[in-house]
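What follows is a single structure, written as structure tokens, with notes after it.
Read-outs: derived from the displayed coordinates by stated rules, not from any lab. For clarity, every value in this text was computed on a predicted model and none was experimentally measured. When we count neighbours, we look across all protein chains shown, and the Cβ atoms used for this are built from the backbone with ideal geometry, even at glycine.
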Amino acid sequence: MNKYKVLGIAVITVAAAIVTTSCNDKRSTGWEYAPNMYEHLAFDPDQKNPNFKDGKTAQLPPAGTTPVGFTRFDYPSTTEGYTLASVEVKNILAYTSTNIEQGKKLYITFCSPCHGATGQGDGTVTTHGFPAPPSYSKGQSSRGGAMKDLTDGKIYHTITYGLNAMGSYASQLSPEERWKVTMYVHHLQTL
């Protein structure tokens, strides 16, 4: 048999097989490359999961673990936690002009609407009927003592958990940013 005849028959056979197999199912998209991208095997967090005793996919982390990138602050949101933080917690960042300048920018963005640009408690919210927070340099803390004597721990604890009408800023400011704001508040205490 002629080699061109064999090659021609093979090409016609392959072409006929492709045409007959591709025309059967109009809903078929053909071959799927990486089918796991379309039909994933993993469970979604809100799905039931038979692999766990409680049947939930989203499991609580083991007790005492810390997520990657998370900084633990082990002082409770209580008066006792505030007092303990006052004594034990010290700023972890170096007092540099760069850190203080970054703290100023963060303070102006997040704190000045209530505390005012100079920390005197004259922010714009006071014009809308909200009570004025105490001045950092002249006021008295609601937990006792002068505002100018607030320690790193007290300021950081207050930014983290909030106090009185002030809410928590833990979700808006990272731990490092809270330390920078703490530095800048110390600067405002001297004004």
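Could you work out the helix-only [θ] at 222 nm for the chain, with each DSSP H run of four or more residues adding -39,500 (n - 2.57) and the total divided by the number of residues, to the nearest 500 deg cm²/dmol? Walk me through the intermediate numbers first.
On the way: 6 runs with 73 residues, N = 191.
After summing the helix terms and dividing by residue count, I get -12000 deg cm²/dmol.
Order 144-152, 110-118, 39-47 from most to least packed using the mean count of other Cβ atoms within 10 Å. Walk me through the intermediate numbers first.
Numbers: 144-152: 16.0, 110-118: 18.0, 39-47: 9.2.
Packing order, densest peptide first, comes out as 110-118, 144-152, 39-47.
From the backbone phi of the range 120-133, what are the Karplus-calculated ³J(HN,Hα) couplings (6.51 cos²θ - 1.76 cosθ + 1.60, θ = phi - 60°) in whole Hz, Gly and Pro given as x?
For the range 120-133, the Karplus curve yields 8, x, 10, x, 5, 5, 5, 7, 9, x, 7, x, 6, x Hz.
May I ask you to order 51-57, 153-159 by the average number of other C-beta atoms within 10 Å around their residues, highest value first?
Values: 51-57: 10.6, 153-159: 23.9.
Those peptides, ordered most packed to least, come out 153-159, 51-57.
In the set [x] 60; [y] 38; [z] 28, which value of percent of Cα pairs over 24 Å apart was calculated from the structure you see?
Answer by label: [x].
Within the chain, how many lysine pairs that are 8 or more places apart, or on different chains, have C-alpha atoms less than 18 Å apart?
So the count works out to 11.
Among Gln120, Tyr33, Thr98, which residue has its Cα positioned farthest towards the positive end of the charge dipole of the chain, with +1 placed on the Cβ of Lys and Arg, -1 on the Cβ of Asp and Glu, and the dipole taken about the Cα centre?
Tyr33
Taking amide H positions as placed in the peptide plane 1.01 Å from N, state which residues far from Ser135 in sequence (5 or more) or on other chains have amide H under 5 Å from it.
For Ser135, the qualifying residues are Gln140.
Rank Pro45, Val14, Gln140 by how far each Cα sits towards the positive end of the charge dipole of the chain (+1 on Lys, Arg Cβ; -1 on Asp, Glu Cβ) and give me just the farthest.
Selected residue: Val14.
So for the chain, averaging the separation of alpha carbon pairs under 8 Å that are six or more residues apart and normalising by length, what relative contact order in percent results?
Reported relative contact order: 18 percent.
Name the long-range amide H neighbours of Thr151: under 5 Å, sequence gap of 5 or more, or other chain; modelled H, no Pro or chain starts.
Counting only residues 5 or more places away or on other chains, the set is empty.
Would you mind getting me the FRET efficiency between Glu39 and Leu60? Use the beta-carbon distance for r and R0 = 35 Å, nearest 0.05. Mind showing how you got there, number by number?
On the way: r = 29 Å, r/R0 = 0.82.
The formula returns an efficiency of 0.75 here.
Ordered by packing density, taken as the mean number of other Cβ atoms within 10 Å over each peptide's residues, highest first, how do 119-126, 94-101 rank? Write down the numbers at each step before the final one.
Details: 119-126: 18.0, 94-101: 11.6.
Ranked from most to least packed, the peptides come out as 119-126, 94-101.
For a quick check: with amide H placed at 1.01 Å from N, whose amide H comes under 5 Å from Ala146's, ignoring anything fewer than 5 positions away on the same chain?
Sorted by chain and number, the residues that satisfy this are Ser141.
Size of the dipole of the range 79-189 about the Cα centre, Lys and Arg at +1 and Asp and Glu at -1 on the beta carbon, nothing else charged, in debye to 20? Each step should come with its number before you reach the end.
Numbers: 9 positive and 8 negative charges, 30 e Å.
Roughly 140 debye for the range 79-189.
Tell me, what ³J(HN,Hα) does each residue in the range 157-170 have, in order and in whole Hz, if you take phi through Karplus 6.51 cos²θ - 1.76 cosθ + 1.60 with θ = phi - 60° and put x for Gly and Pro?
4, 5, 5, 5, 10, x, 7, 6, 7, 7, x, 6, 10, 5
Report the full-extension gain for the segment Val68 to Val11: residue separation times 0.36 nm, less the Cα-Cα distance, to one decimal in nm.
14.7 nm
Between Asp149 and Val87, what is the spin-label point distance in nm, taking each point 7 Å from the Cα along the Cα→C-beta axis?
1.6 nm
Would you kindly derive the ³J(HN,Hα) couplings of the range 69-82 from the backbone phi angles with the Karplus curve 6.51 cos²θ - 1.76 cosθ + 1.60 (θ = phi - 60°), listing them in order in whole Hz, with x for Gly and Pro?
Karplus-based 3J(HN,Hα) across the range 69-82 equals x, 9, 9, 7, 10, 8, 10, x, 7, 9, 4, 5, x, 5 Hz.
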